[in-house]
Amino acid sequence: MYMFLPCTCMDMQGIMEVGAGLGFVVGPPIGGVLYGAGGFRLPFLVVGGICLALLPVIFLLIPQSDCEKRLLSFRALAKLLTKFHIFLLAMANMLSLAALAFFTPIFQPFLTHQFNLSPQKLGLVFLSAPIVYVIVALLVGKLVDKLGPRWFTISGFLIEGVAFFLIGPGEFIAKPKIWLTAVAYGLVGLGAAFCLVSIYLNLLCTAKSLDEDEDKDAILGVVAGISSASLSFGEIVGPLVGGALTEAFSFQTSAVVFGEFLLAEGSLLLGVALIDWRFGT
C-alpha cells in the first residue's frame, strides 16, 4: 500500500492504526444496537454482508503494483528470522496487542463488581483507551518518521507498564477509584499507540540492514508477515493470560503481573538501545 500513496511509510501506518482504533470505538456500540434489534445473528450477518459488498470496490480501486516481484533468498530469510533484534521486536509487537486484548474477558466483570456502574458509564470507561489510541496514532505516525521509532517503542512500554499498575490499582498503591481506572485505561491506549505504530518501522529498518543486495519489496512482505503473525499471537495470548491470572488471583494482581512483563520488555529494549548506541551499531 505504501508504494501507491504519496505519503511516507509511517504516515500510512498511522492512518491504518487510526482505522483500527475507530473499529474498536464504533464496533461495540453498533454491535449492541444490532443485537438488540435482531438478536445474536444480525451483527454477524450485517458485518459479513458489508465485507462482501466491499470486495468489488477494493478490487476496482486498489491499483496493481508494477514492481518486479522477487522472493527473498533463503539465506536472507534465515538471517532475518534468527536475528535477535527481529525476535525482540516481534515479542514487543505481540505484547503490545496482548496488553489491549488482556482486558477482553475480565474488565467488564471487574468494573461491574467493583464500582456497580450503569451500562452507559461502563461504555464510557471502555471508550477511553480506543479514543486516546485513535487521537495519538496518526500523530505518532508523523513524529516517528522525524524522530525515529526506537524511543517511541520504549516509552510506550513504560507507559503501558505504569498504567497496568494503576488500573486496578495494585493493592499496595491505592484504593480503587473509578477515575483512576478510567485514566489508566486511557494510558494503556496511549502506550499501545506509541508501540504499535513505531514497532513496524523498527522491524523494517532492522530487516533492511541485513543485506543491501536483497529486494526491498520482498523484505517489506516478510516484515509485514512477521508483524501480522506477532499481532495475531498477541490477540490470543492477552485474553488467555488475563483470564488465567484473574482466576488464580484477582484483577488487581493480574494487572500488576502483566504490567511487570511490559516494564521488563521496555527495560530490555532500553538496554539493547543503549548497547547499540554505545558501540555504534
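Read the figures in this text as sums done on the coordinates, not as results from a lab. Since the structure is predicted, the reported quantities are computational estimates derived from the model, not experimental observations. Heads up, the Cβs are rebuilt from the backbone with ideal geometry, glycines too, and the neighbour counts pull from every protein chain shown.
Miscellaneous remarks
- For the pair I275 and L55, the difference between a 0.36 nm per residue extended length and the Cα-Cα distance amounts to 74.5 nm.
- Pairs beyond 31 Å (Cα-Cα), from K146/K175; K121/K146; K79/K146; K142/K177; K121/K175: K146/K175; K121/K146; K142/K177
- Debye log10 I(q)/I(0) for region 150-281, one point scatterer per Cα, at q = 0.22 Å⁻¹: -1.32
- Relative packing of 236-243, 44-51, which averages over residues the other C-beta atoms within 10 Å, highest first: 236-243, 44-51
- I236 paired with A37, simple spin-label distance in nm, labels 7 Å along Cα-to-beta-carbon: 3.5 nm
- Centre-to-centre, using Cα atoms only, region 151-184 and region 34-56 are separated by 36 Å.
- Computed label-point distance, nm, for sites K208 and Q108 using a 7 Å Cα→Cβ extension: 4.3 nm
- In terms of packing, defined here as the mean over residues of other Cβ atoms within 10 angstrom, the peptides 193-206, 253-266 line up highest first as 193-206, 253-266.
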